[in-house]
Each structure stands twice: as C-alpha cells, then as structure tokens.
Amino acid sequence: NANVDISQAQQSEIFTTLAFVSIDSDGERDFVFSRGADRDLKYNSSLKKDFNGNMVHFGAATALLGGNLEDAYGRYFFDALTQESFISFDPNYRVDLWKNKEEQFIKKCIPFVQKAHLCKFSLEEAQLLSGKTSLTDACEALHTIGTETIVITLGSKGTLLSTKEYNKIIPSIEVNPVDTTGAGDAFIGCLLQQIATHANIKHLLKHESELTNMVAMANKAGAITTTNFGAIEALPYPHQLVL
C-alpha cells in the first residue's frame, strides 16, 4: 500500500519473527523476540546484478545468529564488495538476542565495520564495538577499524556525525516521545534514501554541508516516529520532513 517494492521478498510457511516491546514512561523500550521465518532466508544469486554500483544496506538484528540467514547475509556482503556497492551497516544490537555472547557479536560485526562506507550506531553499540566509553574515542577506534563515515544516534540530543576529517553533533527537533520503537530505522532509512538519490553517493561523504543537512532531515524522521506507537504506522511521510 505504501508502494514499497516487495518483488524480491521471500515467503515462508513459518510465522514471521516477532518482537515484543515493553515501553517505559520516557518512551524507551525493551525487546523480547520469538524467532520465526527470518532465520530461513535463502541467498538469491540473481540479486547480484542489482548490486553493481548501487547501495546495499546490512541491518544485522537477527542476521548474525547462524543458520541460512547468516549464510545468505555473508554471501550478499561478498557480492556487495565485489560489485563495488555503497555499503551501509547497522548492527542493531539487541540484548535479548546476545545474552552472554557479546564477544561473539562484536567479532561478527567487525568485518562489516571494516568495509562499510557508512555505519549507523546507537551510543550503546558504538561503545560495545569500539570498547571505548567516550564518543570521541569510540569514533576514532571505529574509523581505525575501517569505516569512513559514522552516525551515532543520541536520542533527543541529536546525532553525532563523524568522518576522519570532522566530528560534530547535529541537533534534532523537540518532540514529546511516547514510543521510541522504529526511530533508529526511520533515521537510517531517511538518510539512506537521500544518499541513494544523490548523483554521486561515494563522493557525497566528502561534502560536510550536504551530509549535515541530510542527517538533520533523518533526525526529524526519527523524532517524528517517536510521537506515535509502533514501528511502521509511526513512520513519517516525505511532506512531514521539509526542513
């Protein structure tokens, strides 16, 4: 209904993976998962041709937990590398999925951080993967691993945009949050849509002012998402994002 292309979606007889979300008084949430069909995703070799010079986003969440899904994920990553795609990575760390396996999670994420042109982290993810507490030290460590451009979402404080040349916090808009579910997805989705429609996406990362404006709009998308319940219904439409 929203005109999203689902022509490459795979269907399964198994139930869709479910996330049960509890929300506190500030709109922050905790997750409990019941895994289903996502673990059976199969690699589709016909997609390789579509990767050529285009953008490929890897949102981890359950993708690094083994099985067919992780195998497909790794093969798509290889295709993206060999087809010289613009690679984006979001580790999407969930405590419920990785209890007592944090080191394994970090090890599996590092190759993506090494090769991604853009990485999106929460503050918790940036600290976990870098092993550093301060934002400055975390960014320096993550850039040393390899990623060119980092965005770290900081809730109401905005987003830290970091490259090897500069480091700045881009403020968000003020809202009254009721549910933060989906805010990070709205942010990275909005940012990637803007980058994907740019004439030269790999060179865009060198242009501070353009990238700053794109992050500001993505901040707005994430903020608006927190003003309604749910991960999909709360997503804003383009006309709501005019700065």
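Structure notes:
- Along the chain, the longest continuous region that contains none of the chymotrypsin sites (Phe, Trp or Tyr not before Pro) in a DSSP loop with at most 13 other C-beta atoms within 10 Å is 16-165.
- Rounded, prolate or oblate (a/c below 1.5 giving rounded, otherwise prolate when a/b exceeds b/c) for region 64-149 by Cα gyration tensor: oblate
- Mean residue ellipticity (222 nm) of the chain, computed from DSSP H runs ≥ 4 via -39,500 (n - 2.57), nearest 500: -11000 deg cm²/dmol
- Centroid-to-centroid separation of region 125-158 and region 1-56 [C-alpha atoms, Å]: 25
- Prolate/oblate/rounded call for region 25-168, Cα gyration tensor, a/c under 1.5 rounded: oblate
- For region 32-115, averaging the sequence separation of C-alpha pairs within contact (under 8 Å, six or more residues apart) and dividing by the residue count gives a relative contact order of 35 percent.
- Between region 174-243 and region 66-91, the Cα center-to-center distance that results, in Å: 23
- Every Cα-Cα pair of region 99-243 was included, and the share exceeding 17 Å stands at 60 percent.
- Relative contact order, percent, region 89-243 [alpha-carbon distance under 8 Å, six or more residues apart]: 18
- Three-way shape call for the chain based on the alpha-carbon gyration tensor, with the a/c threshold at 1.5: rounded
- Residue pairs, from the table Lys108/Lys168; Lys108/Lys206; Lys108/Lys132; Lys107/Lys157, whose Cα atoms sit over 20 Å apart: Lys108/Lys168; Lys108/Lys206; Lys107/Lys157
- Dipole magnitude for the chain: computed about the Cα centre from +1 point charges on Lys and Arg Cβ and -1 point charges on Asp and Glu Cβ, it is near 540 debye.
Quick note: the coordinates plus some simple rules give every number you see, no bench work behind them. All values reported here derive from a predicted model rather than from experimental measurement. In this analysis, Cβ positions are derived from the backbone assuming ideal geometry, glycine residues included, and neighbour counts consider all displayed protein chains.
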